[in-house]
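Engineer: This is the structure I want to talk about, given as structure tokens.
We did not get these values from a lab; they are worked out from the coordinates using the rules stated. Nothing here was measured: the structure is a model prediction, and the numbers come from that model. Quick reminder, even Gly has a Cβ in these numbers, built from the backbone with ideal geometry, and neighbours come from all protein chains shown.
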Amino acid sequence: MITEDVLIGYVRTALPGAVVSVTDRTGTMDHFMIRVVSDHFKGKGLLDRHRLIYQALNEPMKDGRIHAVEIKTLTRDEIK
Amino acid sequence: MSDSIQTIEGTIKKEIQENPILIYGKGTKEAPRCGFTLETIQFFEKYGHPYTVIDVLNDMPKREVLSKMTNWPTLPKVFIGGEFYGDTDILDEMEKKGEVKPLLDRVFQKK
């Protein structure tokens, strides 16, 4: 179990200024869909973008607060 | 004496080379034990190419070696033509950009 703002905090610590939206997939607060908009992704392929998110969430994933995440990553100009 | 890291790495490298589409996941093709593994199976069913599912649910040493090799902490892990492609989060995005079919056609043409 993890709250949305704690989860978002982890992402924004790794990617300052990122716009993060979180959806609880199963109502159990441990399976999430996370959408991250950040220019840190510029020039990075999909795999490396997702690796950034996994590294940011390494701790809560290792200790089980997060069981699964589905990730969407975009730069600012990709959302236009 | 559990397999050494080198033996496990060797096994993985062989499996990756021998299977054009390879899914390391939780459970088997007939009995997937995790939603994401099932989702990945359904993804490849659409394309009609043969694919292999290797169940690593209870093989922690192999899962750890796989995570280190790919710098990717989760399952399932997909390899196509010997290359790592993450999971359906990645493949769905690639599919939207029309990148999956040509990749699979290229991989299966070489066979």
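Engineer: Rounded to the nearest 10 degrees, what's the angle between the helix B:100-109 long axis and the longest principal axis of chain B, both from Cα atoms, 0 to 90?
Structural biologist: For B:100-109 against chain B, the angle is about 70 degrees.
Engineer: Given the DSSP H assignment, sum -39500 (n - 2.57) over each helix run of at least 4 residues in chain B and divide by its residue total; what's the result at 222 nm in deg cm²/dmol, nearest 500?
Structural biologist: Result for chain B, helices only: -15000 deg cm²/dmol.
Engineer: Let me ask you something else. Give the residues of the stretch A:24-64 whose amide nitrogen is closer than 12 Å to a point set 7 Å from the Cα of A:Thr13 in the direction of its Cβ.
Structural biologist: Zone members listed by number: A:56-61.
Engineer: Step through the residues of the stretch A:69-76 one at a time and calculate ³J(HN,Hα) from phi using the Karplus curve (6.51 cos²θ - 1.76 cosθ + 1.60, θ = phi - 60°), rounding each to whole Hz and writing x for Gly and Pro.
Structural biologist: Once θ is set to phi - 60°, the couplings for the stretch A:69-76 become 9, 10, 10, 10, 10, 9, 8, 4 Hz.
Engineer: For the protein assembly as shown, divide the Cα radius of gyration by the Kirkwood radius and give the resulting Rg/Rh value with two decimals.
Structural biologist: 0.97
Engineer: Related question: Which value results when the Cα radius of gyration for the stretch A:4-71 is divided by 2.2 N^0.38 Å?
Structural biologist: Ratio of Cα Rg to 2.2 N^0.38 Å: 1.03.
Engineer: Where nothing but the Cβ of Lys and Arg (+1) and of Asp and Glu (-1) is charged, how large is the charge dipole of chain B around its Cα centre, in debye to the nearest 20?
Structural biologist: 200
Engineer: Multiply the residue separation of B:Arg33 and B:Ile5 by 0.36 nm, subtract the distance between their alpha-carbon atoms, and state the gained length in nm to one decimal.
Structural biologist: Additional length available on full extension: 7.5 nm.
Engineer: Let me ask something additional. Hey, if you put +1 on the Cβ of every Lys and Arg and -1 on every Asp and Glu Cβ in the stretch A:4-71, which of A:Tyr10, A:Ile71, A:Ser21 ends up farthest toward the positive end of that dipole?
Structural biologist: Checking the options against the dipole of the stretch A:4-71, the answer is A:Ile71.
Engineer: May I pose another question? Please get the size of the charge dipole for chain A, origin at its Cα centre, with Cβ charges of +1 on Lys and Arg and -1 on Asp and Glu, quoted in debye to the nearest 20.
Structural biologist: 280
Engineer: Quick one: work out the % antiparallel among DSSP beta bridges in chain A, nearest 5.
Structural biologist: Counting DSSP beta bridges with both partners in chain A, the antiparallel share is about 45 percent.
Engineer: Magnitude of the Cβ-charge dipole of the protein assembly as shown, K/R +1 and D/E -1, about the Cα centre, nearest 20 debye?
Structural biologist: Dipole about the Cα centre, nearest 20: 420 debye.
Engineer: Return, for the Cα atoms of chain B, the radius of gyration and Dmax in Å, separated by a comma.
Structural biologist: So, for chain B, Rg and Dmax equal 13.7, 47 Å respectively.
Engineer: Next question, about the same structure. If I take R0 = 35 Å and measure r between the Cβ atoms of A:Thr23 and B:Glu83 in this structure, what FRET efficiency does the formula 1/(1 + (r/R0)^6) give, to the nearest 0.05?
Structural biologist: 0.70
Engineer: Enter the angle in degrees (range 0 to 90, nearest 10) between the Cα long axis of helix A:4-14 and the first principal axis of the Cα atoms of chain A, meaning the one along which they spread out most.
Structural biologist: Result, in degrees: 40.
Engineer: Per residue of A:44-50, count partner chain C-beta atoms within 10 Å of its C-beta, then hand back the mean as an integer.
Structural biologist: Taking all residues of A:44-50 together, the mean is 4.
Engineer: Now for a separate question. For the pair B:Glu45/A:Leu47, report the inter-label distance in nm, with labels modelled 7 Å from Cα in the Cβ direction.
Structural biologist: Distance between the two pseudo-spin positions: 2.7 nm.
Engineer: In nanometres, what is the gap between the two model label sites at B:Leu57 and A:Asp63, each 7 Å from Cα along Cα-to-Cβ?
Structural biologist: If labels sit at B:Leu57 and A:Asp63, their model points lie 2.8 nm apart.
Engineer: Given Cα pairs under 8 Å that are at least 6 residues apart, what percent is the relative contact order of chain A?
Structural biologist: Worked out over chain A, it gives 35 percent.
Engineer: Calculate the FRET efficiency for A:Asp39 and A:Asp5 from the Cβ-Cβ distance with a Förster distance of 22 Å, rounded to the nearest 0.05.
Structural biologist: So, using R0 = 22 Å, E works out to roughly 0.50.
Engineer: Rounded to whole Å, give me the distance from the Cα center of the stretch B:70-111 to that of the stretch A:21-71.
Structural biologist: Between the Cα centre of the stretch B:70-111 and that of the stretch A:21-71, the gap is 19 Å.
Engineer: Pairs to check: A:Lys44/B:Lys14; A:Lys80/B:Lys96; B:Lys14/B:Lys101; A:Lys42/B:Lys96. Give those whose C-alpha atoms are more than 22 Å from each other in this structure.
Structural biologist: Over 22 Å apart, Cα to Cα: A:Lys44/B:Lys14; B:Lys14/B:Lys101.
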